[in-house]
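Asker: Dropping the structure in here first, questions after.
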Amino acid sequence: MKIRAGYELSYDCPAPVTMAMAISVHRSREADLLTPQHINVSGGEVARSYVDRYGNVCTLVRAWAGRLVVSADFVISDSGRPDDVNPFAVQHEIADLPDDVLTFLLGSRYCETDRLSDTAWALFGHLPLGWSRVQAVLDFVNRHITFDYQQARSTRSAWEAYQEGVGVCRDYAHLALTFCRCMNIPARYCTGYMGDIGVPDVPPMDFSGWFEVYMGGRWWTCDARHNVQRIGRVLMAVGRDATDVAISNSFGAAFLNGFLVVTEEVR
């Protein structure tokens, strides 16, 4: 299948400012692009692109004082298949994990493994090693958190999501991946496009947050918010948590005033 995806982000900048933006398709999906994902900038310029420590393609944008608009529109090929799942995936011994995977066992800004470890072991420690623990985490978090855009908060951590029982997709992902790390299962945060292809979702479109676990020698997609396999997921960036995959980090004042995301099947 073919998916048209893109965005238009606008900011008010009281003075010139530089922004680091993770707004490109992940390198693992670049071969699927059917048209260029050219980044258009009005009210500024692209300084350069770079690849961060997690393999994400990032862009430095220099904004002038006034209105900055950053946009892209492209078409990408997708298998059209739901997310891969392997109930028989083996959980690795920690000593057998690749070096670059070990960091995804540790706590991070929004994922307090120290505060949630006892809770995780009490909830899931009796289950067999492997995928059954991951699925139990997904089931629990999906039931425990109530989705509510009106109560979204950019500073909410996994511990706070557990205590408050409310949040948006990033909160589901943060809590679930923190539980997995507590159970010695490497887990990393993901962001990207996931529209309403194949499901009766509710607009407006948005970038989505989910996570991946490392088992059986590879990363597997997990989605605690929906807790079902989805079609048309397009990865943009991965990291320890939302800090590493932020759509934009401004090194100065920049106020978001417009946000449009498009992801739809091309028939």
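Throughout, read-outs are computed from the coordinates displayed, never taken from laboratory work. Note that this is a predicted model, so its numbers are computed, not measured. So basically every Cβ, Gly included, is an ideal-geometry build from the backbone, and we count neighbours across all protein chains shown.
Asker: Please list the helices of the chain that count as membrane-span-like by this rule: a mean Kyte-Doolittle hydropathy of at least 0.5 together with Cα atoms stretching 27 Å or more along the helix axis, each helix being a complete DSSP H run.
Answerer: On the way: long enough: none.
Both cut-offs are met by no helix.
Asker: Related question: What are the semi-axes of the equivalent ellipsoid for the chain, taken as the square roots of 5 times the Cα gyration tensor eigenvalues, largest first, in whole Å? Intermediate results must be reported in sequence, preceding the final value.
Answerer: On the way: eigenvalues 196, 85, 65 Å².
The equivalent ellipsoid of the chain has semi-axes of 31, 21, 18 Å.
Asker: Under 10 Å, Cα contacts only: if you run a Gaussian network model on the chain, which one of 235, 60, 175 comes out with the highest mean-square fluctuation?
Answerer: 60
Asker: Give me 233, 267 sorted ascending by neighbouring Cβ count inside 10 Å, so fewest comes first. Don't skip to the end; give the middle numbers.
Answerer: Working: 233 22, 267 5.
Least crowded to most crowded, the residues run 267, 233.
Asker: Per-residue counts of other Cβ atoms within 10 Å, averaged by peptide: what ranking do you get for 6-17, 214-225, 81-92, highest first?
Answerer: 214-225, 6-17, 81-92
Asker: Please order 146, 113, 119 by the number of other Cβ within 10 Å, starting at the fewest.
Answerer: Details: 146 10, 113 20, 119 14.
Ascending number of Cβ neighbours within 10 Å: 146, 119, 113.
Asker: Let me ask something additional. Which percentage, to the nearest 5, of the DSSP beta bridges contained in the chain is antiparallel? Present the calculation step by step, with values, prior to reporting the outcome.
Answerer: Working: 60 of 62 bridges.
If we restrict to bridges inside the chain, about 95 percent are antiparallel.
Asker: Order by neighbour count: 99, 114, fewest other Cβ atoms within 10 Å first, most last. Could the numbers behind the result be given before it?
Answerer: Numbers: 99 6, 114 9.
Ordered by Cβ neighbours within 10 Å, fewest first: 99, 114.
Asker: Estimate the FRET efficiency between residue 164 and residue 90 by the formula 1/(1 + (r/R0)^6), using the beta-carbon distance for r and 30 Å for R0, to the nearest 0.05. Spell out each step's value before the answer.
Answerer: Numbers: r = 35 Å, r/R0 = 1.15.
E(calc), rounded to 0.05, equals 0.30.
Asker: Using a Gaussian network model of the chain with C-alpha springs under 10 Å, which one of 257, 227, 56 is most mobile by mean-square fluctuation?
Answerer: Maximum fluctuation in the GNM of the chain, among the listed residues, is at 257.
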